[in-house]
Structure formats: structure tokens, C-alpha cells
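Participant: Attaching a single structure in C-alpha cells format; questions to follow.
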Amino acid sequence: MSLLLSAVLVFLIELIARGSLDKTVEFFSQPFRPGWTTVALFALILIGCDALFGRRHNGILFIAPITLLLAAIGHQKSSYLGDPLYPADFLYSRQIMELAPLLVRERPLAAAIIAVGGAAAAFLLVALWRHWRRRFPAIRWRMRVARLALVVPALAFFVSIMDFATFSWTRDRLQIIPIMWDQKENYASNGFAIAFALNVPMAKVLAPPSYEDDVLDAIRAEPGKPSLPQDRPDIIMVMSESFWDPTLLPATTITPDPMPTVRAMRSGSVFSPEFGGMTANVEFEALTGFSNAFLPYGSIPYQQYVRGPVPSLAGFLRAEGYDTLAIHPFEGWFWNRENVYEAFGFDRFLSIEKLPPMASRGPLVSDDALTTEIIGRADAAKRPIFTFAVSLQGHGPYEPNRYADARVTVESVASFRTRESIRSFAEGVADADRSLKRLMDWASKRERHTLIVFFGDHLPPLNQGYTETGFLKGPVPERREPAAELALHRETPLVIWSNRNGPMRDVGSISPSLIPLKLFQAAGIQHPYYTGFLGRVDARYDVVERHVLIAPDGATPDWSRAARVDPLINDFRLLQYDALFGKRRTVERFFPRLPKPAGV
């Protein structure tokens, strides 16, 4: 009976997670996939739970709701963001709950159905527990002990073979093949439950094979100490939430142009490592010059790996006498920013709790109000400033009629509701563009040398806006695409501008980890890592991404699986590992005078 219940449960889990009956049947019918291994595993779990509860077939009432709910959440995440559900996702469950009002506002009917369905499911679960529990015979203590004596060692052995970093003959015979470099295929091949379990160890980042003292010592640092120009520029970096050019949507006309300032001053593009969300991962690269490409798939360094001082632009500039400030008009705990900014070396972090009352546009704090705060703080500063601001107004979802006084108009083949959603997004883009122009106009009148960096973190979660216009086949793109298509689905505008030299041109399409290099080049700053080492990376590669390296002369897909990795990329990985997880043997050479955290 436990085996039958297990088979039904696993089938339902896969059906919900995959959203396809055909793919679910295929999973169980193909011999090289661990469908029946999963059934056996769940049978052991159910037998163990029955022994703990003391009655036959009671474990299903405990295990089924949890696993089916996880499968449903996984399906929704895959539909909206393109990635499956990872164990690490629960680290930012509070962020999701905080954004729930926006989701409810966009889809009130779906929210109501979910609420009613959830309440009905909870009621049904309680009723089943009360009536089902006593319909099955109790298990004697001797049999309970015997069951646990069988199940616990078996489950312990299973856990021991789930470390994907080590080879397991048994795991191989069970048809469990970790595909950690392609998580979509990992979940498709191994099934939701097994793939989810395989991702549990990803919080542990293993040292690269060549992480040895002599190899680290051989990584060349540029000679000389960091240098800054005598006239140190004020630096303002704005990461604009979901800023992207909506005129790229096919069969769609938006008037007037929502981003004339960015179009005229554009320096290049940021090749985002993310799509539709995960802002913190883009921010991590832009502030540190490190890369998500060297971290476990699906990880969130802000949540998992920043546990002490980390080299960053803020830390270096603070050590050089800059007043370093981070501003984000939302809760400080969001993405763990309070702790991260302290570890990065910022003097202060102004979250919504520490900011004065700020005007909203739509449901969120406006870009114009954020710009007012940036200008006011800069005008009051007594020292050179480095201000890093993360906007909020452009955050999705983009419900129709978000702005009652929207100025843009949209003509599109999309349905009325989707067209209005595109209009809400485009109006937010126009507001961000106007705010950038205001910032530039203010800086143009200053005597102080002022440098402004402005970029979008990722494409917006437009969902049907992509499918109905033909921009994408599904709401999200594939993680692994040809380089040209990947660029279309990942690039956001980048502006690097100064009040003395105007816009930097011909930057091209670069990873966020190369923004510090371009920023310091524009500012006339020399640094062993940010201009020295990253300068060497930039001379060879434009984009360092998990699945592909893009150089001026072409792309190298699946580089991380190659027998030989470019020594320059290996050095990049070694320096990052050493600074984040290792012995910090290279930190003094590449990040001299790293200050202690200020306590933001």
C-alpha cells in the first residue's frame, strides 16, 4: 500500500511541476530516468512517517501537502522566471511575501482563487487528518522500531550519495545523474524531488581544483599602488529596476519615445546574468567586479555567501576618502542589503526606514523622489561621494492603469489587457529616463567633476507582453540560447556619462562585473583589480556568463565543462574564491587597504 501511495504521489508531484501529462508519463516510462527510484525513496519516507505517527498510511497526510505545494510553487516560478525551485529560494521567501500586494493588484481574480483554494485545501487536510487517521490500525511499538531500523539507514545512505561534487557508483546505478550546469535539464531528467535534493548542498562552494598557494602567487597584479586623479570626481551609480527598451517588442509602437535621454547618451549594454528578477545577483557583480558564473547554479550571494568583509567599489573608495552611500527606497532587510552593504564597506545605507517621506508614483516610491534624494545628499556632501542607488518604481508586475496620468500610448497586436500592461511598463521607463535627464542637467551645472553610471538590472517580467507580441515563445527565454538570441533577451541599456566629457561611447555589451572597470576608466582611477585584472579580462572577453563566454571574435558555449578552461578565466575564478571563501591570500595584492566595515 505504501508503494502504491508513493507512486501516486510522485506522479502527481511530477505532473504539477512539469505541467504536462505527456512529459510526466515520459519521465516514468524511460529507463534512464530515476522515476521509480523516486517512488522507492518516497515509499521509504512514508513508511518512516507511519512509524513516527504510530498508524499505517498516516504519513501521506503529512508528506503529500508539503511536496505538492512545493511542486506547485516550482511550476509557477519556472513559468515566470524560467528557473526551477531551489532550496535556496526559501532564503528570500520574506521578499516574496513583501511583494505579494503587487501580485494581488495585478491579478486579483487569481489571488482570490488561490486564497479560496488554499483555505479549502487546509480545511480538507484537517478533515482528512481527523477522519482518516483513525481508520487505519495502530502500529505496535516493536513494528515501529523495526520500520525505523530499516528506513533510517536507507535514507541516511541516500543522503550520503546526493553530494553532486563527488562520484557515486550507487547513484549512477539508480539513474540519478546530476546535471548541475543545466538546471532545467536537471529537473527534467531527475524529476522534481531528486533534483531539488541535489541542490541542497549548493550552499557549499568547493575550491577550484587549482586553488593552491603557488598558483595564487603566480597570478600577476599590475605594478604600483592604486591612484586617483587630483580632482576626484563625485560618482553616482543608479541601477534602474527592470529598465529596458520596450520599443524592441515586435508589432508594437510606443509614442513618444519612452527613453530619448538614454538613447542619445547610451554607452553600451549590460549583459545581465538574470531575466525578470534576481536583482541582487546583478548588483553583486556591479559592485564587486566578481561573477555569478563561478557560483552554484541558482545561488544568491547576497543571501548565502556574504558573511564578512568583501572587496567592493564602496570599500576601496571609502579607503580613499570618499563618502560612500547606498540608497534604496524599500525595506533594509530586502535581499539582506543591510548586512551586505556593511560587508561591502559602505559608510551608510538609507533604506525606506531611514529616508524622509518620499512621493510615490503608482504603488511604489517614484524615480523622481529618489533623484531628489540623490541630488540633495550630493549637494550637502563635504567630501567626494560615491552614491549607489537602486530604484524601485519600475518593479513588476505591471498591472493595467498603473498610472492614471500616463503620457505614453501603445499600439500593439497584443490583447487589450496585455497592451495596457506594456503601457504601464513603458510609462515607468519614461519616468526613469526623465529622472536621468534631471540628474544630468543638475550635474551639468556643477563645478565638481561628476560621473553618472545608469543601467538596467534585467529585462522586466512582462510575461504575456513577450508571447503575444512574438518577442518570446514563452514568458521567459531559455537559459541556453545562441549568443545572438541570448543577447537580445539579456541586454539592458548602459550609460556612463560625466559633466566634463559627456557619454563614454562604444562600450559594447558587457557583463555587470566589468562595470567597475569602465567606471574607473571614465574617472581616471587606477586599481590592481578593477582596472588591472579586469582590464585583462575585458581585453579578451565582453561577457563572462555561466553558460557562455562572449569575445569580440565569437562565443564559447559550455566553457565550464571543457577539459581545459582559459587560464585567464581560471585566474578570475581563483581570485573570487580566495576573496569570498578562501584564505584571502591574494586580497592584499589585488585589493590593498581594504577597510573594516563601517557599520551601516
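Participant: Do you know which of the residues in segment 296-305 that are open to solvent by 10 Å² or more (accessible area, probe 1.4 Å) and either part of a loop (DSSP other than H, G, I, E, B) or in contact with a His (Cβ under 8 Å, 6 or more places away or on another chain) (or both) is nearest to THR387 (Cα to Cα)?
Facilitator: Result: TYR305.
Participant: Taking the conditions exactly as written (more than 23 Å from the chain's Cα centre (by Cα) and open to solvent by less than 30 Å² (accessible area, probe 1.4 Å)), does ASP234 satisfy them or not?
Facilitator: Working: more than 23 Å from the chain's Cα centre (by Cα): yes; open to solvent by less than 30 Å² (accessible area, probe 1.4 Å): yes.
In short, yes.
Participant: Only residues in segment 211-231 that are on the phi < 0 side of the Ramachandran plot and assigned to a loop (DSSP other than H, G, I, E, B) count as the first member; pair them with residues that are open to solvent by 70 Å² or more (accessible area, probe 1.4 Å) and not aromatic (Phe, Trp, Tyr), Cβ under 7 angstrom, at least 6 apart or cross-chain, and list the lot.
Facilitator: Qualifying pairs under 7 Å: ALA221/ARG589; PRO226/GLN526.
Participant: Restricted to segment 405-419, and to residues that are touching a strand residue (DSSP E or B) at 6+ places or on another chain (Cβ under 8 Å) and outside any loop (DSSP other than H, G, I, E, B), which residue is surrounded by the most Cβ atoms within 10 Å (Cβ to Cβ)?
Facilitator: Of everything passing the filter in segment 405-419, VAL410 is surrounded by the most Cβ atoms within 10 Å (Cβ to Cβ).
Participant: While we're on this one: For segment 518-542: of the residues being aromatic (Phe, Trp, Tyr) and in contact with a Gly (Cβ under 7 Å, 6 or more places away or on another chain), which is nearest to ALA218 (Cα to Cα)?
Facilitator: Filtering first and then ranking leaves TYR529.
Participant: Let me ask something additional. I'd like to check something: does segment 139-148 contain any residue that is in a loop (DSSP other than H, G, I, E, B), modelled with pLDDT of 80 or more and either within 26 Å of LEU44 (Cβ to Cβ) or not acidic (Asp, Glu) (or both)?
Facilitator: Yes, because at least one residue in segment 139-148 is in a loop (DSSP other than H, G, I, E, B), modelled with pLDDT of 80 or more and either within 26 Å of LEU44 (Cβ to Cβ) or not acidic (Asp, Glu) (or both).
Participant: When the residues of segment 63-78 are narrowed to those that are out of contact with any Gly (no Cβ under 9 Å at 6 or more places or on another chain) and at pLDDT below 85, which ends up surrounded by the fewest Cβ atoms within 10 Å (Cβ to Cβ)?
Facilitator: Top of the filtered list is GLN76.
Participant: Only one of ARG573, ARG546 is under 22 Å from LYS518 (Cβ atoms), under 20 Å from the mean Cα position of the chain (by Cα) and at pLDDT below 90; which?
Facilitator: Just a single option satisfies the conditions, and that option is ARG546.
Participant: Here's a follow-up. Report whether or not PHE243 is crowded, with 20+ Cβ neighbours inside 10 Å, assigned to a helix (DSSP H, G or I) and aromatic (Phe, Trp, Tyr).
Facilitator: no
Participant: Are there any pairs with C-beta distances below 9 angstrom linking a residue in segment 325-342 that is on the phi > 0 side of the Ramachandran plot to a residue that is of a type in the set (S, T, N, Q), with the two at least 6 apart or on different chains, and if so which?
Facilitator: Filtered contacts from segment 325-342: TRP335/GLN95; TRP335/THR279; TRP335/GLN303; ASN336/GLN303.
Participant: Kindly indicate whether ILE515 is under 21 Å from ARG318 (Cβ atoms), of a type in the set (Val, Ile, Thr) and under 24 Å from the mean Cα position of the chain (by Cα).
Facilitator: On the way: under 21 Å from ARG318 (Cβ atoms): yes; of a type in the set (Val, Ile, Thr): yes; under 24 Å from the mean Cα position of the chain (by Cα): yes.
Taking the combined requirement at face value, the residue satisfies it.
Participant: Next up: Restricting to segment 11-32, and then to whatever is surrounded by 19 or more Cβ atoms within 10 Å (Cβ to Cβ) and in contact with a Gly (Cβ under 7 Å, 6 or more places away or on another chain), can you tell me which residue is modelled with the lowest pLDDT?
Facilitator: Selected residue: PHE27.
Participant: Sticking with this one: Scan segment 487-497 and tell me whether some residue there is out of contact with any Pro (no Cβ under 8 Å at 6 or more places or on another chain) and open to solvent by 30 Å² or more (accessible area, probe 1.4 Å).
Facilitator: Yes, segment 487-497 has at least one match.
Participant: Sticking with this structure for a sec: Across segment 586-600, which residue is farthest from ASN339 (Cα to Cα) among those that are among the hydrophobic types (A, V, I, L, M, F, W, C) and modelled with pLDDT of 90 or more?
Facilitator: PHE590
Participant: Determine whether segment 524-537 contains at least one residue that is in contact (Cβ under 8 Å) with a residue 12 or more places away in the chain, out of contact with any Pro (no Cβ under 7 Å at 6 or more places or on another chain) and open to solvent by 30 Å² or more (accessible area, probe 1.4 Å).
Facilitator: Yes, because at least one residue in segment 524-537 is in contact (Cβ under 8 Å) with a residue 12 or more places away in the chain, out of contact with any Pro (no Cβ under 7 Å at 6 or more places or on another chain) and open to solvent by 30 Å² or more (accessible area, probe 1.4 Å).
Participant: Count, please, the residues in segment 450-485 that happen to be surrounded by fewer than 23 Cβ atoms within 10 Å (Cβ to Cβ) and part of a helix (DSSP H, G or I).
Facilitator: The total comes to 5.
Participant: Just to be sure I understand the filter: pairs with C-beta atoms under 6 Å, separated by 6 or more residues or on different chains, first member in segment 483-506 and more than 22 Å from ALA432 (Cα to Cα), second member open to solvent by 10 Å² or more (accessible area, probe 1.4 Å) and assigned to a loop (DSSP other than H, G, I, E, B). Which pairs pass?
Facilitator: Qualifying pairs under 6 Å: ARG500/HIS449.
Participant: Residue check: is GLY315 assigned to a loop (DSSP other than H, G, I, E, B) and under 19 Å from LEU287 (Cα atoms)?
Facilitator: no
Participant: Among the residues of segment 443-496, what is the count of those that are of a type outside the set (A, V, I, L, M, F, W, C) and within 19 Å of the chain's Cα centre (by Cα)?
Facilitator: Qualifying residue count for the region: 17.
Participant: Is one or more of the residues making up segment 333-340 at pLDDT below 95, part of a loop (DSSP other than H, G, I, E, B) and buried (at least 20 other Cβ atoms within 10 Å of the Cβ)?
Facilitator: no
Participant: Also, quick follow-up: Taking the condition among the β-branched types (Val, Ile, Thr) and without any contact (Cβ under 8 Å) to a residue 40 or more places away in the chain, does THR279 pass?
Facilitator: The answer is no for THR279.
Participant: Here's something else I'd like to know. Does segment 374-383 contain at least one residue that is within 24 Å of MET278 (Cβ to Cβ), buried (at least 20 other Cβ atoms within 10 Å of the Cβ) and in contact (Cβ under 8 Å) with a residue 12 or more places away in the chain?
Facilitator: no
Participant: Give me a count of the residues in segment 492-514 that are among the small types (Gly, Ala, Ser) and out of contact with any strand residue (DSSP E or B) (no Cβ under 6 Å at 6 or more places or on another chain).
Facilitator: Adding up the residues that qualify gives 2.
Participant: Which of the following residues is charged (D, E, K, R), open to solvent by less than 20 Å² (accessible area, probe 1.4 Å) and at pLDDT 95 or above: ASP367, ASP323?
Facilitator: Only one candidate passes the filter, namely ASP367.
Participant: What are the residues in segment 189-210 that are within 18 Å of LYS583 (Cα to Cα) and open to solvent by 30 Å² or more (accessible area, probe 1.4 Å), if any?
Facilitator: LYS204, LEU206, ALA207, PRO209, SER210
The values are calculated or read from the model by the stated rules, or taken from the named source; none is laboratory data. Everything numeric here is computed off the predicted structure, so don't read it as measured data. Glycine also receives a Cβ, built like all others from the backbone with ideal geometry; neighbour counts cover every protein chain displayed. Areas reflect the complete protein model, heavy atoms only, side chains present, ligands, DNA and RNA absent. Shrake-Rupley method; radii C 1.70, N 1.55, O 1.52, S 1.80 Å.
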